[in-house]
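Scroll down for the structure; my scribbles are underneath it.
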Amino acid sequence: MVPAYLAISAGVIAADVVVGLAEMGKAWYSATRDGISAATREIYLSMFSSSAISTAIVFILVGIGAIASRLAKAFKAYRAGVGEAGEPVKGAGERPKEPDPAERKPTQKISDDPNKLVICRVCDTVPNVPADMMAKRAALSPEARARLDGTAASIFKDPPNPTPTEFDSLRKFMDAMEKRGGGSLEKGLQDLIAADAKKNVPAPDPPAKPPFGPAVVKLPGVRSEIERVIKEIMDFANANPDNPTITRLAKNPRNVADGPLKSMETGQVEANDHLVERVQGTIKGAEGELEAAKAAPKGTLFAEELGGREIDQILPDGTLKQIKRLDIFEKSDRQFAKAEAQVRGTLQVAVDNPVGGKPRPVVMEFQNGVKADVADALRAIDVNGHKATIVGKEVP
C-alpha cells in the first residue's frame, strides 16, 4: 500500500514539473516573437515568471520532503539505540506486531506459557526477549517462573515496547539469582521465594502480661458486651443471607475487640477509663446500626463506601443515611464537630453521586435524641444548595 502511494505521488509531482516547464517554454517563445506589442510581451513575460515560480516551489517542496525522510530515518535509528558495549540490541527500536487478542486477556495467568514472558496489566507480551534469557525462563518451575515474572513486571514499564536498559536490568537480576543459587537460577529464585515468605509473616503477638490500670475491673464486662453484639450481628446476617453487606456491621467492633481491648487485656497498654469508654462507644454504635438494620427496607446496603466515605445505610431509593447512637451533646462538645463534618461530607457525596440527575437525599438519625440547636445547626449545612434531614427526638 505504501509503495504504491509513493509511486503515485512521484508521478503526480513529475507531471506538475513537466507541465510547468512546458508553460514556461510556451510563454518565453510567445514573448520573444517579432512584431508583438510591448503590452503583449509583458503579459507573456508575466506568465513565464508565474510558471517559473510555481515550478521552483515544487522543487523546494520535494527537497524538504527528502530531508524530512532522511531525518525520520536517522531519528528511528537513534531510538533503536545500542547496548552498553556499543553493539545494537536485537529487536530494539522495532515496532512489535500487534498482539493477538488471546495474548491480552485480563484473566490470563502469568505463567501459562513458558515460552512467553507475560506481564498482566492487562496481559501484554514482551517482544524481542533475548533467546538465552527465554530459554532459562522456560526451564524454571511454574513457581520460580512466576517469581521471575513478578520482578519483570516491575522492570518493564511499557511491556509492548521494552527498552535495552530494561532487558539489561532483567539479565542482571537473573544473573544475581543464579549466583545466589550457586549457579542455579531455579534454586536462587526458590531461595528468594522463601525469604519473601519470611518477610510477610506477621509479627507474633507480644507475650501476654497481667492487665493493669484503674479500669481493669471493667474489662471482663466490656469483653462480654462486645462479643455479644458481634454475635447478634452475625446471627442477623445468617438469617438474611440475601444481603451479604450485613456482616460489615461486625467489622468495626471486631477490630476494636482484637485491637485496643485485647491490648488492655494482655497488659500491653494501661486499662484506663478513656480507652474503656472508646470500646463502650463502639458497642453502642454497633447496637444502633444493628437496630437500624433490622428496621431498614429490603435491599438496603450497609457500611457501604461511596465517594471515599463510609455510609451506614444506602436505601433502595439512593438515600444516604448515617446512624448516631450518642448520648445527647451540646454544640460545644467535640461530638458536634464530628457530626458536622460527617453531614457535610455525606452531602458532598450525595451531590457527586446523583440519582436520576438529582443529589441523593441525606438523613442523619440520632437514636438517643438530639439537642434542638444541634439539629438546627446541622440542618443549616449547605453543599451546593443541598441540605440534610436530621431526625431524632429533639430536646431543648
Exercise. Just one of 246, 283 is touching a Phe, Trp or Tyr at 6+ places or on another chain (Cβ under 9 Å), part of a helix (DSSP H, G or I) and within 25 Å of residue 345 (Cβ to Cβ); which is it?
Worked result: 246
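Give 171, 223 a once-over and let me know the one that is basic (Lys, Arg), over 19 Å from residue 281 (Cβ atoms) and modelled with pLDDT of 90 or more.
After applying the criteria, what remains is 171.
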Exercise. For the range 321-353, how many residues are part of a loop (DSSP other than H, G, I, E, B) and more than 18 Å from residue 311 (Cα to Cα)?
Worked result: 7
For this session: Please determine, by comparing only the residues of the range 198-227 that are within 24 Å of residue 277 (Cβ to Cβ) and of a type in the set (D, E, K, R), which one is farthest from the chain's Cα centre (by Cα).
Result: 218
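Could you tell me whether residue 304 is within 28 Å of residue 383 (Cβ to Cβ) and among the acidic types (Asp, Glu)?
So residue 304 passes the test.
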Problem set entry | Qualifying residue in the range 288-299 (condition: of a type in the set (Asp, Glu), assigned to a helix (DSSP H, G or I) and touching an Asp or Glu at 6+ places or on another chain (Cβ under 7 Å)) | yes
Exercise. Condition test on residue 277, is it farther than 24 Å from residue 207 by Cα, buried (at least 21 other Cβ atoms within 10 Å of the Cβ) and more than 30 Å from the chain's Cα centre (by Cα)?
Worked result: no
Exercise. Within the range 176-196, is there a residue that is under 30 Å from residue 262 (Cα atoms) and surrounded by fewer than 17 Cβ atoms within 10 Å (Cβ to Cβ)?
Worked result: yes
Problem set entry | Filtered residue count, the range 383-396, keeping only those that are in a loop (DSSP other than H, G, I, E, B) and touching a helix residue (DSSP H, G or I) at 6+ places or on another chain (Cβ under 8 Å) | 5
Exercise. So is residue 132 in a helix (DSSP H, G or I) and either in contact (Cβ under 8 Å) with a residue 40 or more places away in the chain or surrounded by 15 or more Cβ atoms within 10 Å (Cβ to Cβ) (or both) or not?
Worked result: no
Problem set entry | Scope the range 235-254; condition of a type in the set (A, V, I, L, M, F, W, C) and surrounded by 15 or more Cβ atoms within 10 Å (Cβ to Cβ); matching residues | 236, 237, 246, 249, 250
For this session: For the range 255-265, state whether one or more residues are among the polar types (S, T, N, Q), part of a loop (DSSP other than H, G, I, E, B) and surrounded by fewer than 21 Cβ atoms within 10 Å (Cβ to Cβ).
Result: no
For this session: Residue by residue through the range 346-360, note down the ones that are crowded, with 17+ Cβ neighbours inside 10 Å and of a type outside the set (A, V, I, L, M, F, W, C).
Result: 346, 348, 359, 360
For this session: Might you check whether a residue that is polar (S, T, N, Q) and either outside the structural domain of residue 254 (by TED's automatic domain parsing) or not in a helix (DSSP H, G or I) (or both) occurs anywhere in the range 210-224?
Result: no
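The values are calculated or read from the model by the stated rules, or taken from the named source; none is laboratory data. Note that the structure is a prediction, hence the values are computed from the model and not measured. Positions of Cβ are generated from backbone atoms using ideal geometry, with glycine treated the same way; all protein chains shown enter the neighbour counts.
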